[in-house]
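Visitor: Here's a structure for you.
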Amino acid sequence: MGSTDSTTEVVLSVAARSDVAPPPQFPTGIRSGLMRVRRWVKSYLREANAGSGEAALAQACTEFGLRPDVLARRFGELDANEQAKLRLAAAWSTGATWLTFIDPFASVPGHVRAGLRGRLADLAAAHGRGIVFTSNTLTDFTVAEAAVADIEKGELVAFGTLEQVVTEPRGSLPAELSGVNVYSGLARKGWLSIGHSAVKARTELDGKVFVTLGWRSALLSLDEHDPAFTSATVFEAIVIGLRDRGSCLQAKLSPVDTEMGLALDVDLADLAGVRRAGTAGADTDGDQSGTVGGFGLLHPSLGSSIAELRANVKVGTHVFVEVDTSALHAYSVE
């Protein structure tokens, strides 16, 4: 996982080794959609130095549920599911010990994606073959039994199990995928600090650390003296960006005073129906006790409805933020 340029470079480097099938990359250009699928497959197998013939290709198509007639069609006639299956079948038919892919499940709907991904993993395990692939979709990495590498700006940021990479992120992508802000911090004399901000917490660690804070571990209000705030660690911030993420509306905040607050991303509303938002750091596990505000609202003080929230919160709006310091998770840089 990581920046597209960096991860693609790594996969191509792996593909240059012996007994490794190159990533199946479809033709591009204005007339690419007119190219016959069979012609491309033959070209790919030559590039892979595959000795397998029609029988191996037919078997691979069967394994991945690709109809034989697809080979006689043109690329412009294939949908996303057929393209994904074709990539997998072509690479599998090479017979190589190692297969490489660049985002092999891109654009495949979730209900098909999970089955196709699982099929590839099961076949690889059964036949003792390895896979190196890229993706920026977290669920794709559930099949990465060996390890996940996070590569950003050409550097290996983290390497380990999926759980290690996303629960203690050291780069921006795993932090994004796991729904947290990540900071560099310092643990000293029992206290955890993040930069020069006033946001601090008790810790048993010592030295340089990374710190995460979930997108729902802060409470926002338009009123500095909102009675919902329960601590003295309240700072002013400016909304510098708004975006959609899945079912959520989200804001990017920049502190007015960096010696008081933190830059952070925070969920404003969840249109999937999560409504519990009475306190900073409130969980969203479906428990509706203590529900405050209207449908989907996570910060009632920003508006009593989605329409009011949108009217009140725009790029440039000043808000006040209370961080739930108990939700800070620190781990050593080492």
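The values are calculated or read from the model by the stated rules, or taken from the named source; none is laboratory data. Bear in mind the structure is a predicted one, so any value in this text is a computation, not a measurement. Every residue, glycine among them, receives a Cβ derived from its backbone with ideal geometry; neighbour counts consider all protein chains shown. Only protein heavy atoms, including side chains, enter the accessible area calculation; ligands, DNA and RNA are left aside. Shrake-Rupley method; radii C 1.70, N 1.55, O 1.52, S 1.80 Å.
Visitor: Quick one: residue 242 ticks every box in (1) in the same structural domain as residue 258 (by the TED database); (2) out of contact with any strand residue (DSSP E or B) (no Cβ under 6 Å at 6 or more places or on another chain) bar one, so which box is it?
Guide: Tallying (1) in the same structural domain as residue 258 (by the TED database); (2) out of contact with any strand residue (DSSP E or B) (no Cβ under 6 Å at 6 or more places or on another chain), residue 242 fails exactly one: (2).
Visitor: Of the conditions (1) β-branched (Val, Ile, Thr); (2) more than 17 Å from residue 298 (Cβ to Cβ); (3) crowded, with 17+ Cβ neighbours inside 10 Å, residue 240 satisfies every one except a single condition; which number is it?
Guide: Only one criterion in (1) β-branched (Val, Ile, Thr); (2) more than 17 Å from residue 298 (Cβ to Cβ); (3) crowded, with 17+ Cβ neighbours inside 10 Å is unmet by residue 240, namely (3).
Visitor: Here's a follow-up. Given the residues 229, 235, which is the only one that is crowded, with 19+ Cβ neighbours inside 10 Å, assigned to a loop (DSSP other than H, G, I, E, B) and modelled with pLDDT of 95 or more? Talk me through it step by step, then tell me what you get.
Guide: Numbers: 235 fails: assigned to a loop (DSSP other than H, G, I, E, B).
One residue alone meets the criteria, 229.
Visitor: Are there any pairs with C-beta distances below 8 angstrom linking a residue in region 1-18 that is touching a residue at least 60 places away in the same chain (Cβ under 8 Å) to a residue that is open to solvent by less than 20 Å² (accessible area, probe 1.4 Å) and part of a helix (DSSP H, G or I), with the two at least 6 apart or on different chains, and if so which?
Guide: Pairs found: 1/7; 1/141; 1/165; 1/174.
Visitor: Another one. Somewhere in region 179-188, is a residue free of Cβ contacts under 8 Å to residues at least 24 places away in the same chain and within 15 Å of the chain's Cα centre (by Cα)?
Guide: Step one: filter region 179-188 for residues free of Cβ contacts under 8 Å to residues at least 24 places away in the same chain, giving 186, 188.
Checking which are within 15 Å of the chain's Cα centre (by Cα) leaves us with none.
So far as region 179-188 goes, no, none of its residues is free of Cβ contacts under 8 Å to residues at least 24 places away in the same chain and within 15 Å of the chain's Cα centre (by Cα).
Visitor: Any idea which residue in region 89-119 is farthest from residue 55 (Cα to Cα), counting only those that are among the aliphatic types (A, V, I, L, M) and touching a residue at least 40 places away in the same chain (Cβ under 8 Å)? Outline the logic, then answer.
Guide: Taking region 89-119 as the starting set, the residues that turn out to be among the aliphatic types (A, V, I, L, M) are 89-91, 96, 99, 102, 106, 108, 112, 114, 116.
Right, trim to touching a residue at least 40 places away in the same chain (Cβ under 8 Å) and you get 90-91, 96, 99, 102, 116.
Values: 90: 12, 91: 14, 96: 16, 99: 19, 102: 26, 116: 22 Å.
The selected residue is 102.
Visitor: Take residue 211 and tell me if it is open to solvent by less than 20 Å² (accessible area, probe 1.4 Å) and of a type in the set (Val, Ile, Thr). First the steps, then the outcome.
Guide: Values: open to solvent by less than 20 Å² (accessible area, probe 1.4 Å): yes; of a type in the set (Val, Ile, Thr): yes.
When the stated conditions are applied, residue 211 passes them.
Visitor: Report yes if some residue within region 285-297 is modelled with pLDDT under 95, within 23 Å of residue 241 (Cα to Cα) and buried (at least 17 other Cβ atoms within 10 Å of the Cβ); otherwise report no.
Guide: Checked region 285-297: at least one residue is modelled with pLDDT under 95, within 23 Å of residue 241 (Cα to Cα) and buried (at least 17 other Cβ atoms within 10 Å of the Cβ).
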